[in-house]
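Input: a single structure, listed below in structure tokens.
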Amino acid sequence: MGSFKGLDFLHIDDLLSEEEIMVRTMTRDFVSDAVMPVIEDAYENAYFPRDLIGQVGELGMLGANLPEKYGCAGLGPVAYGLICQELERGDSGLRSFVSVQGSLAMWPIFAYGTEEQKMKWLPGMAKGELIGCFGLTEPDHGSDPGGMITRAKKDGNEWVLNGAKMWITNGTIADVAVVWAQTDDKIQGFLVEKGMKGFTAPEQKRKFSLRASVTSELVFDDVRVPEANRLPGVAGLKGPLGCLTQARYGIAWGGIGAAMACFDEALQYTKGREQFGKPLAGFQLMQQNFAEMLTEITKAQLVAWRLGKLKEDGKIRPQHVSFAKRNNIKMALDVARTCRDMLGANGITAEYQAMRHMCNLESVYTYEGTHNIHTLILGQDVTGIAAFG
Ligand code: TGC
Ligand code: FAD
């Protein structure tokens, strides 16, 4: 399959290092060669193409920004962002897998875990031999995770876990779940291993969005978790929220990839299809769409690049990440909807990408903090007044 070209109207490539361009090219080629041939079938038939896991592991994309000491690639933030962008050009489900594995499962083990926990899990997770998931959301507590009901009670040298999590990416296929639970001493994180007695992870079916991704419930019925599986480095809601800042960072980049895929498809399509005796791309209304989309994608690229530099310089704040997630995912969803329309009836079929991306982006708009929640985070930052409750 021919390589994808991407969009670079303002020569943003000039801002990237050789290594960053190399990582992007490698990921782009991988998506063209290994993802595009399988994704349509996976989406239609609602399964995650698990053969890709070993491949993304081998290419160093899992926990790509974590240190080499733990078998990871040790890449910088921009290179990691470009990986997310290119993977989401293929499908948000694949980028979700990589975000959850790297930012939501490996990162908390790295940031809050003991050396023993890191050595036990991180090298295998980097290779894709072990899979992780992240359990924060509950059936009755999504935007407000601080109200969680799941509880861990200390009993000797063990913790007894009871409760349930919902909408958990990778849950059913995970070897380890990073689970956040209320304790007598604030919210704490636990590594719940597949096979622990009383722990089940049934898959949630009948989704119209992220069909090529595993989404699951996690159920804990008196699960006994050893003290050695508690993450000792953090207590309180800031623990899971810190992980979300890592994952939201990658998602802000990912949306650009989905938008570029839709833009490219709509351009090829409207140049090739004639109505009223000339190519659709030759009509002013179509060109207005392209001008708007080009502008918004380019603005999102600059936001993502700047976010990467702030992260690199240690100046990034969670509110910067909210700004980028909010802007870039709304942009991507708008682009996907516009492109779906530009393809006419063909735009509703699985043969084209726009509707798949559009449906996926509805989830991305909701998860990792809904659009509304990021609006309120920015509102609080500007005014100093929290308007959540
Ligand atoms: P609040 O009182 O504001 O904060 C509690 C403590 O946390 C600190 N904090 C953060 N730390 C790091 N990163 C962040 N983004 C942080 N936001 C807040 C804060 O400083 C405070 O620390 P301390 O030391 O004072 O205790 O908490 P709140 O209860 O008022 O909640 C604020 C709110 C609403 C913004 C937060 O709850 C929120 O972000 N809600 C959205 C929930 C969410 O995003 N869930 C995502 C679940 S995971 C997921 O969707 C994965 S999808 C993955 C995929 O498939 O790709
Ligand atoms: P709610 O919080 O009930 O929100 C419903 C609506 O109300 C939204 O529009 C929201 O913006 C709005 N709203 C809520 N509060 C306010 C307010 N104060 N002011 C104004 N509007 C408000 N979670 C995990 O822990 N791990 C995962 O791996 C994971 N993967 C996911 C995968 C998929 C495919 C999906 C769809 C979700 C996933 N989630 C995961 C859960 C996700 O993070 C939550 O769905 C999200 O945080 C929103 O919570 P909710 O669905 O309960 O919606």
Of all stretches in the chain that avoid chymotrypsin sites (Phe, Trp or Tyr not before Pro) placed in a DSSP loop and having at most 16 other Cβ atoms within 10 Å, the longest is 48-207
Can you tell which of Q275, M61, A387 lies farthest toward the positive end of the dipole of the chain, using +1 and -1 charges on the Cβ of basic and acidic side chains (Lys, Arg; Asp, Glu)?
-> A387
Note, segment 376-388: 3J(HN,Hα) by Karplus (6.51, -1.76, 1.60, θ = phi - 60°), whole Hz, Gly/Pro = x, goes 5, 4, 5, x, 5, 5, 6, 9, x, 10, 7, 10, 6
Short version: ³J(HN,Hα) in whole Hz for each residue of segment 280-291, in order, from phi by Karplus 6.51 cos²θ - 1.76 cosθ + 1.60 (θ = phi - 60°), x for Gly and Pro, what are they?
-> 3, 5, x, 8, 4, 5, 5, 5, 4, 4, 5, 4
Distance in nm between label sites at E44 and E58, each 7 Å beyond Cα in the beta-carbon direction?
-> 2.7
HN-Hα J in Hz across segment 65-80 - Karplus 6.51, -1.76, 1.60, θ = phi - 60°, x for Gly and Pro | 9, 8, x, 4, 3, 9, x, 9, 7, x, 7, x, x, 5, 4, 4
Relative to the longest principal Cα axis of the chain, at what angle does helix 18-30 sit, 0 to 90 degrees, rounded to 10?
-> 80
Cysteines, the chain, no other Cys beta-carbon under 4.7 Å = C72, C84, C133, C243, C359
Compute the separation of the alpha-carbon centres of segment 37-54 and segment 103-140 and state it in Å as a whole number.
-> 23
Spin-label model distance (nm) - T200 vs L294, 7 Å beyond Cα toward Cβ = 5.6
Across bins of 10 angstrom width beginning at 0, how are the C-alpha pair distances of segment 183-284 distributed, in whole percent?
-> 11, 22, 27, 17, 10, 9, 5, 0
Which is the longest stretch in the chain that no exposed loop site breaks, taking sites as GluC sites (Glu not before Pro) with a DSSP loop state and at most 14 other Cβ atoms within 10 Å?
-> 130-350
How far apart, in nm, are the 7 Å Cα→Cβ label points at S3 and L15?
-> 2.2
Out of every Cα-Cα pair in the chain, what percent are more than 26 Å apart?
-> 51
Whole-Å distance linking the alpha carbon centroid of segment 199-271 with that of segment 288-312 is 23
List every residue whose amide H lies under 5 Å from the amide H of M166, counting only residues 5 or more places away in sequence or on a different chain, with H placed 1.01 Å from N in the peptide plane.
-> T137, E138, L218
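Restricting to DSSP H runs of at least four residues, report the calculated mean residue ellipticity at 222 nm for the chain, -39500 (n - 2.57) per run over all residues, nearest 500 deg cm²/dmol. Write out the running numbers ahead of the final one.
Numbers: 12 runs with 186 residues, N = 389.
That calculation yields -16000 deg cm²/dmol at 222 nm.
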Cα axis of helix 238-272 to longest principal axis of the chain: angle in degrees, 0 to 90, nearest 10?
-> 20
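Extension gain D51-M22, at 0.36 nm per residue separation less the Cα-Cα distance, in nm?
Numbers: separation 29, 0.36 × 29 = 10.44 nm, distance 2.36 nm.
My answer for the length gained is 8.1 nm.
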Rounded to 10°, Cα long-axis angle of helix 318-342 versus longest principal axis of the chain = 40
Rounded to 0.05, the calculated FRET efficiency for the beta carbons of A345 and K278 at R₀ = 22 Å is 0.65
Report the FRET efficiency, 1/(1 + (r/R0)^6), for T370 and D155, where r is their Cβ-Cβ distance and R0 is 41 Å, rounded to 0.05.
-> 0.65
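Readers should treat all values here as calculations from the given coordinates under stated rules, not as data from a laboratory. On a predicted model such as this, the values are computed, not experimentally measured, just so you know. In this analysis, Cβ positions are derived from the backbone assuming ideal geometry, glycine residues included, and neighbour counts consider all displayed protein chains.
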